[in-house]
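Heads up, the thing below is written out as structure tokens.
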């Protein structure tokens, strides 16, 4: 949407700077233009905008001042001015000439821009900077590291348990039968000799002896309580268990 200000009058319709150019070139008479209407139309134009156009307003004031100066000289050619007023007018004319020259030169700037680069723009180098908070001292860092290490899950060392191989009850029965059969008579202490430190072997041996007594393969005797048990057999051969 084009929101540029356009002058609309009986003898002219178009941009404000074009109006000034035509008047300066004497292609349009200044007295045919109502400057009051130009100002009122511009104020109405500004009110329609969402944001106040600062740059556009400065340009309007500059051109409108030039038009006022030209019209003042046209209406009052013999007007005598004080030295201050003449100085102000001379300064305004100087500014207007500078503005006009810049405007003329700016037409070719766009076509020349970037053709001859005298100074190449280097990419901005950003050095990484470590800037911790003032509270992060060496001591604070050390405490933080300790807290992190303490919060890590600890490795649990479980005690190793070596399970010794234990002879099954069936194998123990077979072994006991063979021993008793070979010797016909044997004490329980002699049979379990060498396994006294292993209570499990002693218990399995005792269960095997009870099983053979139950089967009628051996007989046992014990003279007194706490004494050794004597195992005897009259049969030959080894029983089988399914």
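Looking only at residues in segment 17-35 that are within 60 Å of the chain's Cα centre (by Cα) and touching a residue at least 12 places away in the same chain (Cβ under 8 Å), the one that is nearest to residue 60 (Cα to Cα) is 17. With the structure loaded, tell me whether residue 51 is more than 24 Å from residue 102 (Cβ to Cβ) and part of a loop (DSSP other than H, G, I, E, B) or whether it fails that test. Criteria met by residue 51. Residues in segment 14-32 include at least one that is modelled with pLDDT of 75 or more, assigned to a strand (DSSP E or B) and either closer than 21 Å to residue 103 by Cα or not assigned by TED's automatic domain parsing to the domain that holds residue 103 (or both). Scanning segment 134-156 finds no residues that are surrounded by 11 or more Cβ atoms within 10 Å (Cβ to Cβ), closer than 30 Å to residue 192 by Cα and either in contact with a helix residue (DSSP H, G or I) (Cβ under 7 Å, 6 or more places away or on another chain) or at pLDDT 75 or above (or both).
For (1) touching a helix residue (DSSP H, G or I) at 6+ places or on another chain (Cβ under 6 Å); (2) modelled with pLDDT of 70 or more; (3) surrounded by fewer than 10 Cβ atoms within 10 Å (Cβ to Cβ); (4) farther than 23 Å from residue 15 by Cα, each residue gets a yes or a no:
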| site | (1), (2), (3), (4) |
| --- | --- |
| 59 | no, yes, no, no |
| 70 | yes, yes, no, no |
| 74 | yes, yes, no, no |
| 98 | no, yes, no, no |
| 105 | no, yes, yes, no |
| 119 | no, no, yes, yes |
| 127 | no, yes, yes, yes |
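Within segment 39-52, the set of residues being in contact (Cβ under 8 Å) with a residue 40 or more places away in the chain and in contact with a helix residue (DSSP H, G or I) (Cβ under 8 Å, 6 or more places away or on another chain) is empty.
The values are calculated or read from the model by the stated rules, or taken from the named source; none is laboratory data. Since we're looking at a predicted model, the values are computed, not measured. Positions of Cβ are backbone-derived with ideal geometry, glycine not excepted, and every protein chain shown enters the neighbour counts.
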